[in-house]
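Below you'll find the structure, written out as structure tokens, and then a few comments.
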Amino acid sequence: MSNSIISDLKEALGNEKVLTDAAVKERFYHIWKMEEDLEALAVILPVSTEDVSTCMKICHAHNQPVVVHGGLTNLVGSTETNPNEVVISMEKMDKVVEVDDSSRTLTVEAGCILENAQMAAAEKDLLLPLNFGAKGSAQIGGAIATNAGGLRVVKYGMTRNLVLGLEVVLADGTVLSSLKKIIKDNSAYDLKQLFVGSEGSLGIVTKAVMKLVETPKSRNAALVAVNDYHKVVKLLKHIDAGLGGKMSGFELMWNKFYDTMTDEKSVLRPPIASGFPYYVLVESHGGDHLADQETMERLLAEAFDNQWIEDGTIAQNSTDIEWFFKIRENVDEVVTRCTVDQHFDISLPIPLIGEVINQTIGRLKELDGVEHVFPFGHVADGNIHLIVGKSNDSDQLKNEINAIVYAPLQAIGGSVSAEHGIGLHKKAYLNLCRSENEIALMKTIKQSLDPKNILNRGKVLDI
Ligand SMILES: Cc1cc2nc3c(=O)[nH]c(=O)nc-3n(C[C@H](O)[C@H](O)[C@H](O)COP(=O)(O)OP(=O)(O)OC[C@H]3O[C@@H](n4cnc5c(N)ncnc54)[C@H](O)[C@@H]3O)c2cc1C
């Protein structure tokens with residue numbers, strides 16, 4: 001059977017688009033696991049939607065499980081494979097089709113690297129607001145498949161808010177194409193949204209039309225120290241109200257994270273002294289640099305007067321802004337301090353974050369084998385990341401850590417995945433944030449779009 005499908009794929013697509021044997025082993029399933037050989041029956045390298053459709057028709061006929069590979073930056077095991085699976089890697093479908101500066105849209109192939117898409121928009125003085133640490137490797141298709149969030153969600157929304165049109169290949173090879181540039185379309189169900197965040201389990205994204213915005217003429221940022229979580233919430237409301245819709249980022253770092261990112265082992269210097277419990281990075285996108293800078297200064301002065309902040313500094317230029325953002329974004333620095341690292345991406349109601357996370361840190365520290373807990377995140381979105389450094393990679397320790405981090409979420413209406421998705425690693429915890437009826441409906445949708453369960457089998461849901 002495996003020989004017959006490979007010969008069918010080679011005959012239909014051409015030998016050069018179907019990698020097997022040693023050429024498969026040279027590849028990998030995650031950017032952080034490049035040393036591990038890829039296990040797969042074949043890797044398909046489509047160059048067009050027609051190629052993806054042809055490949056899926058053949059896989060469907062053979063009941064062949066398929067795993068889609070984008071930029072391989074996901075943090076939930078969703079691109080892991082086994083030796084019997086066919087990988088479709090979108091890397092050759094990487095073109096920017098069009099930047100339309102009047103409609104303010106970007107039409108792009110799914111394999112386009114996010115940073116390249118951002119640069120294409122910037123050439124026409126437009127901004128693709130989607131932005132996160134893995135932008136140099138993650139692809140637009142992967143970002144859509146995971147409904148990626150990132151650093152500007154508070155102003156521009158998640159990826160789903162930016163997708164205007166989508167082209168998708170279904171499990172049986174059917175092409176569903178709606179590459180419209182319009183913002184409003186209430187003509188019955190919004191089918192594209194089914195695929196956004198479906199992690200390659202409902203269809204393969206081949207092209208997209210993304211919404212762009214005018215590039216903000218000014219970008220300002222400040223880094224401040226806060227000694228109490230309740231004051232972080234007060235500061236958030238104060239800054240958001242005062243900036244009048246211009247707040248584009250409000251990121252929180254716990255002391256342990258900030259201190260490690262800026263200690264003597266790190267290349268990054270601390271813009272303000274270490275030792276405070278919390279650090280907040282505020283960013284604004286506006287239209288008048290001087291006026292926006294003055295507003296930021298006034299708001300911070302008011303926050304000092306109200307004793308909501310203890311210390312702070314305002315970026316004087318774009319170099320300072322990049323410096324502040326590197327402290328928040330270059331999480332590889334804390335990862336290098338961990339013998340083994342375990343990552344979390346949870347959602348919680350904003351007012352409860354301080355108490356819940358501090359209790360969680362306390363419980364984790366009591367666990368044998370836990371060496372570090374680094375909390376940080378998009379506090380304005382109620383989304384906190386934790387990187388837990390531990391002494392070993394045993395399943396027992398992993399499960400104990402999971403149990404502690406996820407324990408409070410169900411009762412407070414949180415989520416085990418704010419933006420990274422479910423993949424393989426969080427599947428067992430889906431029922432903590434989705435009801436039985438919700439999961440049953442998800443399975444009905446999966447079964448109707450992929451009745452043979454060939455797309456990313458075993459990921460997201462157990463069918
Ligand atoms: C340093 C770092 C920082 C990160 N920061 C953030 C962050 O701030 N916010 C955030 O949301 N995420 C973040 N991530 C996670 C990750 O970058 C995102 O989930 C990203 O959107 C994944 O894109 P990718 O192209 O790498 O997809 P992959 O990892 O290749 O795939 C992810 C999933 O999407 C599927 N898929 C990929 N391409 C397609 C396609 N064309 N059609 C259908 N399915 C497809 C895959 O099968 C898989 O299920 C970060 C990751 C790293 C390593």
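The values are calculated or read from the model by the stated rules, or taken from the named source; none is laboratory data. Treat the numbers as computed from the prediction; the structure is a model and nothing was measured. No Cβ is skipped: glycine too gets one built from the backbone with ideal geometry, and neighbour counts run over all protein chains shown. Protein only, heavy atoms only, side chains kept; ligands, DNA and RNA dropped before computing areas. Shrake-Rupley method; radii C 1.70, N 1.55, O 1.52, S 1.80 Å.
Numbers below:
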| quantity | calculated |
| --- | --- |
| Ranking by accessible area, most exposed first, for R152, R269, R160 with a 1.4 Å probe | R269, R160, R152 |
| Local net charge near K17, Cβ-Cβ under 10 Å (Lys/Arg +1, Asp/Glu -1) | 0 |
| Under 14 Å, Cβ to Cβ, from G157 - net charge with Lys/Arg +1 and Asp/Glu -1 | +2 |
| Residue-level accessible surface for S53, protein heavy atoms, 1.4 Å, Å² | 10 |
| FRET E, pair L179, A22, Förster distance 41 Å, beta-carbon r, rounded to 0.05 | 0.60 |
| Whole-Å distance, taken between Cα centres, linking region 1-76 and region 193-225 | 27 |
| Cross-link pairs K92/K427; K33/K398; K265/K326; K124/K211; K124/K217 - those with Cα-Cα distance over 21 Å | K92/K427 |
| Alpha carbon centroid spacing (whole Å) that separates region 438-463 from region 351-379 | 33 |
| Total formal charge among the other residues, if their Cβ is under 15 angstrom from that of L236, Lys/Arg +1 and Asp/Glu -1 | -1 |
| Listed residue pairs exceeding 22 Å between alpha carbons, taken from K192/K246; K155/K237; K180/K426 | K192/K246; K180/K426 |
| Under 5 Å, built H, 5+ apart or other chain: amide partners of R434 | none |
| Heavy-atom SASA rank of D462, D51, D368 (probe 1.4 Å, accessible area, largest first) | D368, D462, D51 |
| Computed accessible area, H289, all protein chains, 1.4 angstrom probe, square angstrom | 80 |
| With eigenvalues of the C-alpha gyration tensor scaled by 5 and rooted, region 373-463, Å | 27, 17, 12 |
| Where L441, L461, L194 fall by accessible area, highest first, once all protein chains stay in place (1.4 Å) | L441, L194, L461 |
| Accessible-area value, T105, 1.4 Å probe, nucleic acids and ligands omitted, Å² | 0 |
| Gap separating the Cα centres of region 297-319 and region 391-413, nearest whole Å | 37 |
| For A315, residues with placed amide H under 5 Å, excluding near neighbours | A221, A222, L223 |
| Spread of Cα-to-Cα distances over 10 Å intervals beginning at zero, given as percent, for the chain | 4, 19, 29, 26, 16, 5, 1, 0 |
| Where Rh is the Kirkwood radius over Cα pairs, Rg/Rh for region 165-221 | 1.12 |
| Quotient of Cα Rg and 2.2 N^0.38 Å for region 54-163, N being how many residues it contains | 1.17 |
| Descending semi-axes in whole angstrom, ellipsoid equivalent of region 1-117, from the Cα gyration tensor | 26, 19, 11 |
| Region 153-277: projected area of the alpha-carbon convex hull, averaged over directions, in nm² | 12.0 |
| Span-like helix ranges in the chain, DSSP H, alpha carbon extent 15 angstrom or more, Kyte mean at least -0.5 | 2-13, 49-61, 229-243, 289-305, 353-365, 395-406, 436-449 |
